[in-house]
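Take a look at the structure below.
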């Protein structure tokens with residue numbers, strides 16, 4: 001992740017006013033002409049005064065972030081261990097009939113690393 005992407009994510013988390021959340025917060029970020037979506041979970045134990053790890057949980061090929069949450073819902077674990085969860089959503093691959101994948105089959109200039 002480049003420096004600007006990391007800083008953007010940190011700013012988002014710092015300015016998030018939801019200190020106790022039982023559900024995911026749907027978020028978007030604009031990058032390189034694409035609207036990227038992700039689900040964010042902040043544990044009830046979260047405090048801005050304490051550093052918290054950030055855990056990314058990626059869905060498989062042609063899956064969705066919602067399906068990944070159903071398969072691997074880590075909210076209880078996040079609450080018990082005080083880490084923030086992010087379930088990112090891949091964008092549609094125009095070279096593969098619009099399937100949702102992190103790696104496009106054909107040539108692409110989209111940047112999942114930044115996202």
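The values are calculated or read from the model by the stated rules, or taken from the named source; none is laboratory data. Computed from a predicted structure; not experimentally measured. Cβ placement follows ideal geometry from the backbone for every residue including glycine, while neighbour counts extend to all protein chains displayed.
Numerical summary
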item	result
Count of the stretch 63-111 residues which are under 17 Å from residue 40 (Cα atoms) and either modelled with pLDDT under 80 or part of a strand (DSSP E or B) (or both)	5
Qualifying residue in the stretch 38-60 (condition: more than 24 Å from residue 97 (Cα to Cα), touching a residue at least 60 places away in the same chain (Cβ under 8 Å) and in contact with a helix residue (DSSP H, G or I) (Cβ under 7 Å, 6 or more places away or on another chain))	no
